[in-house]
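Accompanying notes for the structure given below.
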Amino acid sequence: MKAMILGAGVGSRLDPLTRSLPKPAVPLVGKPVIGHLCDLLRRNGFNEIVINVQYLADKLVETVGNGDKYGVKITYAHEDKLWGDAGGLKRVADFFAGEEQVLVIGGDDLTDMDIAKVVAVHHEKGSTATIGVTPVEETREFGVAVMDENGIISSFQEKPAPEEAKSNLANTGIYVFHPKVLEFIPPATFYGLGKDVLPGLLAAGERLVGVPSGAYWKDVGSLPVYRQSQRDILDGVVYAELPAGAERQGNVVVCQGATVSGEVDGYTIVGEGAIIEPGAKVVYSILWDGAIVRAGSYLENCIVGSGVSVACS
């Protein structure tokens, strides 16, 4: 089966991390966020993936590659400018030719949701669009779906205050569409799935279904969530596969080719080829690939970018 991962966005809320890498390429326990999504899709039966790219496109392609390391086949759709998530989907319509469904997922999410179940419900209920939804405490941060006991969606609310929310079921951005949905998206137009397509489908009388899930789901779009998501992986709150060659030592992950001559502890990730020199101590920190912590340095609650050398005491 085929799927699309949305990978064109800038990721400004993760600045300054996204000055050198697009948000989907930012590493979680040594593997790009989008790599974890490729793993998830493979586990759910999707082996051909298209990723739209625009911001720092070459960096994303270089980081993710052709998909071999994730057991999938990846192709890229380069955008001359941002077209919105629906606009980007329209541009890859030919990729889904002959498919029974069109699956779309955001490129900056960490989740272990049962996507195969969402697909199964989509076909069982004969819906035009099926959405993975999850309960949230703070509705102000999400678009929520209003649905009945059978999962039929009647409306959406965009980031409602709790006292005004008609639902606490957040739209996770995991969509299964009937191919005819592509006809609802105009060509060469900036267009959104949540803002334009879903309301348009409701107005046209199409059936929209929500599939509630208590599975882990977070948009890794801010520094606090970025840090917490890595701890959640190490604590087993969410299932995620470590990169090939990585070794786990308690709550520390040391990736392939890293050299640890100093001391590491406390939810620390040591990226591929990173170096911690003798006498250095690193705790509660994230070292990207090729980062260097010089002898005698002490790092706590730090993020060190790729190839960056840190010397401190």
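The values are calculated or read from the model by the stated rules, or taken from the named source; none is laboratory data. What you are looking at is a predicted structure, and each value in this text was computed from that prediction instead of being measured. Heads up, the Cβs are rebuilt from the backbone with ideal geometry, glycines too, and the neighbour counts pull from every protein chain shown. Each accessible area value is taken on the protein alone, full model and side chains, heavy atoms only, with ligands, DNA and RNA left out. Shrake-Rupley method; radii C 1.70, N 1.55, O 1.52, S 1.80 Å.
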*Note down all Cβ pairs under 6 Å where the first residue falls in the range 248-265 and is under 13 Å from residue 286 (Cα atoms) and among the aliphatic types (A, V, I, L, M), the second is in a strand (DSSP E or B) and open to solvent by 60 Å² or more (accessible area, probe 1.4 Å), and they're at least six residues apart or on different chains.*
254/247
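Among the listed residues 170, 165, 161, 145, identify the single one that is over 24 Å from the mean Cα position of the chain (by Cα), closer than 19 Å to residue 219 by Cβ and open to solvent by less than 40 Å² (accessible area, probe 1.4 Å).
Testing whether each residue is over 24 Å from the mean Cα position of the chain (by Cα), closer than 19 Å to residue 219 by Cβ and open to solvent by less than 40 Å² (accessible area, probe 1.4 Å) leaves just 165.
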*Enumerate the helices (runs of 4 or more DSSP H) found wholly within the range 1-98, keeping only those where 1 or more residues are over 26 Å from residue 255 (Cα atoms), open to solvent by 20 Å² or more (accessible area, probe 1.4 Å) and of a type outside the set (Lys, Arg).*
84-91
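Just to check your reading of the model, which residue among 180, 166 is under 22 Å from residue 207 (Cα atoms), free of Cβ contacts under 8 Å to residues at least 60 places away in the same chain and in a helix (DSSP H, G or I)?
180
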*Mind checking which residues of the range 244-257 are part of a loop (DSSP other than H, G, I, E, B) and surrounded by fewer than 19 Cβ atoms within 10 Å (Cβ to Cβ)?*
244, 245, 250, 251, 256, 257
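Among the residues of the range 281-288, are any aromatic (Phe, Trp, Tyr), on the phi > 0 side of the Ramachandran plot and at pLDDT 95 or above?
Yes - at least one qualifying residue is present in the range 281-288.
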*Scan the range 138-150 for residues that are assigned to a loop (DSSP other than H, G, I, E, B) and either among the acidic types (Asp, Glu) or at positive phi (or both) and jot them down.*
138, 148, 149
_Out of the strands (runs of 3 or more DSSP E) lying entirely within the range 268-313, which hold 1 or more residues that are loosely packed, with under 15 Cβ neighbours inside 10 Å?_
298-300
*Among (1) surrounded by fewer than 24 Cβ atoms within 10 Å (Cβ to Cβ); (2) in contact (Cβ under 8 Å) with a residue 60 or more places away in the chain; (3) of a type outside the set (Gly, Ala, Ser), the one test that residue 103 misses*: (1)
*Could you pull out the residue among 211, 225, 238 that is part of a loop (DSSP other than H, G, I, E, B) and of a type in the set (Val, Ile, Thr)?*
238
*How do the pairs read when you match residues in the range 60-72 that are more than 18 Å from residue 256 (Cβ to Cβ) with residues anywhere that are open to solvent by 10 Å² or more (accessible area, probe 1.4 Å) and part of a helix (DSSP H, G or I), using Cβ under 6 Å and keeping only pairs 6 or more apart or on different chains?*
72/42
*Pull up the range 183-204, narrow it to residues that are among the small types (Gly, Ala, Ser) and in a helix (DSSP H, G or I), then point me to the one that is surrounded by the fewest Cβ atoms within 10 Å (Cβ to Cβ).*
203
_Qualifying positions in the range 99-137 - assigned to a loop (DSSP other than H, G, I, E, B) and under 24 Å from residue 187 (Cβ atoms)_ = 99, 100, 101, 107, 128
*When you scan the range 173-182, how many residues do you find that are in contact with a helix residue (DSSP H, G or I) (Cβ under 9 Å, 6 or more places away or on another chain) and open to solvent by 10 Å² or more (accessible area, probe 1.4 Å)?*
5
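Has the range 20-30 got any residue that is of a type in the set (D, E, K, R), more than 14 Å from the chain's Cα centre (by Cα) and at pLDDT below 95?
Going residue by residue through the range 20-30, those that are of a type in the set (D, E, K, R) are 23.
If we keep only those that are more than 14 Å from the chain's Cα centre (by Cα) as well, we get none.
No, the range 20-30 contains no residue that is of a type in the set (D, E, K, R), more than 14 Å from the chain's Cα centre (by Cα) and at pLDDT below 95.
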_Looking at the range 34-58 only, could you name the residues that are without any contact (Cβ under 8 Å) to a residue 12 or more places away in the chain and over 20 Å from residue 112 (Cα atoms)?_
58
